[in-house]
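Presented below is the structure to which this report refers.
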Amino acid sequence: KGNMKKTVDETQRLVGLFAKLGPAAPPKVLQQERDLFSQQVRELATAFHDAGRTTLNAKILNMAHLLYEVYFDMFPSDEYTKDMATNYAVLLLNLGLHDKAVVQFERLLQLNLPPEQEKMAAHGAVICYFHLYDISALKTSQDEDVEVQDALEIPDSFKRFVTACDRYAAVSNASDEDHVESRFAAAKILFDHNHFPEAARRFAEIVERY
């Protein structure tokens, strides 16, 4: 583990050297060094992730997290983004870092993914939002007529939550985990912000279908 930490520290130090020396380096040499560094960080992140997953060692998994972080800081988009973002998102989800995991799942969903990978990423994003935002408290409108309440602006975070739910519902089936729950969550967010006609349509669809 000591050697592993030294490896992570050295990798992070090299990022600083690239930032400091890169602008003065010949472009061809710099590109060669970046390609080599990209390969090394990919291999290290994957190896640490596999080791941590095999041993269930949280410290090693956290070091893998740091290496993935280095990778995406240096290489936010390249030919390996799909595989690296998939592994990183799953790792972050397993570590309970839902705010960071959802960023990676949504990064993935901007790519052209095979159907099963798209469903996995869409489900991962929904799981993250369920952890990040509590929608369990039911809103009551006993003292007011819901028909005369003005619609409220939905905060961006909850708009993204609704989008994630709709996206997962579109690529999954009723028998898939969290399919119905995602539909209900989207409807409830709309209801809680007084978007009653759309919420009512969605609730009715849930009752009719499931």
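The values are calculated or read from the model by the stated rules, or taken from the named source; none is laboratory data. Treat the numbers as computed from the prediction; the structure is a model and nothing was measured. FYI the Cβ positions are ideal-geometry reconstructions off the backbone, even for glycines, and counts take in every protein chain you see. In case anyone asks, the SASA skips ligands and DNA or RNA and just uses the protein heavy atoms, side chains included. Shrake-Rupley method; radii C 1.70, N 1.55, O 1.52, S 1.80 Å.
Numbers at a glance
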| quantity | calculated |
| --- | --- |
| Solvent accessible area, Å² - Thr81, 1.4 Å probe, full protein context | 10 Å² |
| Extension reserve of the Lys28-Lys5 stretch, reckoned as 0.36 nm per residue once the Cα distance is removed | 5.2 nm |
| Helix-derived mean residue ellipticity, 222 nm - over the chain, DSSP H n ≥ 4, -39500 (n - 2.57), to 500 | -24500 deg cm²/dmol |
| Long pairs among Lys28/Lys100; Lys6/Lys100; Lys6/Lys159; Lys20/Lys100, criterion Cα-Cα beyond 31 Å | Lys28/Lys100; Lys6/Lys159 |
| Student exercise, region 1-94 dipole from Lys, Arg, Asp, Glu Cβ charges, in Debye to nearest 20 | 300 debye |
| Relative contact order (%) - criterion: Cα under 8 Å, at least six apart; region: the chain | 13 percent |
| Heavy-atom SASA rank of Ile189, Ile127 (probe 1.4 Å, accessible area, largest first) | Ile127, Ile189 |
| Rounded to the nearest 10 Å², the accessible area of Ser157 at probe 1.4 Å | 20 Å² |
| Alpha-carbon Rg/Rh ratio, for region 79-210, with Rh computed the Kirkwood way | 1.02 |
| Whole-Hz couplings from phi, Karplus 6.51/-1.76/1.60, listed for region 81-89; x for Gly and Pro | 4, 4, 6, 5, 5, 4, 4, 5, 4 |
| Projected area, mean over directions - region 1-58, Cα convex hull, nm² | 4.2 nm² |
| Degrees between helix 98-108 axis and first principal axis of the chain (Cα, 0 to 90, nearest 10) | 80 degrees |
| Cβ-based charge dipole, region 50-182, positive-most Cα from His179, Met63, Tyr168 | Met63 |
| Hull volume in cubic angstrom per residue (convex hull over the Cα atoms of region 1-144) | 168 Å³ |
| Longest site-free stretch - the chain; sites: trypsin sites (Lys or Arg not before Pro), DSSP loop, at most 16 other Cβ within 10 Å | 2-138 |
| Accessible surface of Leu152 - all protein chains present, 1.4 Å probe, nearest 10 Å² | 90 Å² |
| Rounded FRET efficiency, nearest 0.05, which uses the C-beta distance separating Glu79 from Asn173 and R0 of 30 Å | 0.40 |
